[in-house]
Amino acid sequence: YIRSNGEKSDQMEFEKTIFQGTVLGPSLWNVFFKDIIDLPEFADAVIALFADDLSITKSFPHLTSNDEIKKQMGVYQDATHKRGKENRVEFDASKKACVVIHHIDGDGPNFKLLGPIFEPKLVMHPAIKKIVSKAKPKMVALLNTKRYHSIRDMIVQFKTHLLCVLESSNAAVYHASDTALAPLRRIMDHFLEDLNMDPAIAFVDYNLAPLNLRRD
């Protein structure tokens, strides 16, 4: 049952599942996962748990083929599913993936990690494209109001509503090339151009530093 502000709901019986958000859910999940992370097959792997996600990573010698890497990671997946079956836990097949991360030989599907989208070669185009698609409409909406605000107020609004979006994944995209990061810079460039403001003036007079300087 659920109790809130002194009131109690009707009693409900969970016959085949524990719903997300219940008090029992996290503890029960940790009990099941403890069996998995202690498997001897994982002795040479690095395991990361976050809520109900399990990530298993391993470094391989540079000359190891992707097929061999996937074969080894398949052993980890099979061991995980086997132990899950023993504990009567069924994993979501749509969330299962094997990715070889390498700047040249990367292989596998894109994947989301705590928000940003990564691709196997870590170029970061999908993550940056997602940020731009979210920031661009906000910038257009802000510029449509410029006749009602001073330059200083416009910059304050930019800092408040757009910088938080443009910099939302800095830790994930920091390593990306200048070419990949250029679309983020163009958002700010467009904004300043529309205000007829030189970037140096924006920095010196309004403390609006270029994005690459803020990232550093």
Using 0.36 nm per residue, how much length does the chain from Thr64 to Ser27 gain when fully extended, once their Cα-Cα distance is taken away? 9.4 nm
Note the full-extension length gain between Glu90 and Leu114 as 0.36 nm times their separation in residues minus their Cα-Cα distance, in nm to one decimal. 6.4 nm
Keeping all protein chains in the complex and leaving out DNA, RNA and ligands, what accessible area do you get for Thr57 with a 1.4 Å probe, in Å² to the nearest 10? 80
Unsatisfied cross-links (Cα-Cα over 22 Å) in the set Lys96/Lys134; Lys70/Lys112; Lys34/Lys112; Lys85/Lys112; Lys96/Lys136: Lys96/Lys134; Lys34/Lys112; Lys85/Lys112; Lys96/Lys136
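About the Cα centre, and with charges only on the beta carbon of Lys, Arg (+1) and Asp, Glu (-1), how big is the dipole of the chain? Nearest 20 debye, please.
Dipole of the chain, to the nearest 20 debye: 580 debye.
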Aspartates and glutamates near Lys58 by alpha-carbon distance under 20 Å, same-chain residues fewer than 8 away left out - which ones? Asp35, Asp38, Glu41, Asp44, Asp67, Glu68, Asp78, Asp105, Asp107, Glu119
Overall Cα dimensions of the stretch 14-96 - principal axes, largest extent first, Å: 50, 21, 18
Please state the equivalent ellipsoid semi-axes for the chain: what are the square roots of 5 times the Cα gyration tensor eigenvalues, largest first, in whole Å? 44, 29, 12
Going by Cα centres, the stretch 131-146 and the stretch 174-205 are how many Å apart? 14
Just by accessible area at a 1.4 angstrom probe, what is the order of Lys71, Lys146 from largest to smallest? Lys71, Lys146
If I take every Cα pair under 8 Å that is 6 or more residues apart in the stretch 1-112, average their sequence separation and divide by the length, what percent do I get for the relative contact order? 16
Based on Cα positions only, what radius of gyration and what Dmax would you give for the stretch 69-169, in angstroms? 21.2, 66
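Within the chain, what whole-number % of the accessible surface is contributed by carbon and sulfur, with the 1.4 Å probe and all protein chains included in the calculation?
Solvent-exposed carbon and sulfur of the chain make up 53 percent of the total.
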Which one, Val165, Val100, Val31, has the greatest fluctuation when you compute a Gaussian network model over the chain with C-alpha springs under 10 angstrom? Val31
Hey, what does the equivalent ellipsoid look like for the stretch 123-168, semi-axes from the Cα gyration tensor as sqrt of 5 times each eigenvalue, largest first, whole Å? 24, 11, 6
If you line up the long axis of helix 66-86 against the longest principal axis of the chain, both from Cα atoms, how many degrees apart are they, to the nearest 10? 60
Counting each DSSP H run of 4 or more residues in the chain as -39500 (n - 2.57), what helix-only mean residue ellipticity at 222 nm follows after dividing by all residues, to the nearest 500 deg cm²/dmol? -14500 deg cm²/dmol
Can you give the accessible area per residue of the stretch 9-102, in Å², using a 1.4 Å probe? 78
Distance between Cα centroids, the stretch 109-127 to the stretch 6-31: provide it in whole Å. 34
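The values are calculated or read from the model by the stated rules, or taken from the named source; none is laboratory data. Nothing here was measured: the structure is a model prediction, and the numbers come from that model. In this analysis, Cβ positions are derived from the backbone assuming ideal geometry, glycine residues included, and neighbour counts consider all displayed protein chains. We work out accessible area using only protein heavy atoms, side chains counted, and drop any ligands, DNA or RNA first. Shrake-Rupley method; radii C 1.70, N 1.55, O 1.52, S 1.80 Å.
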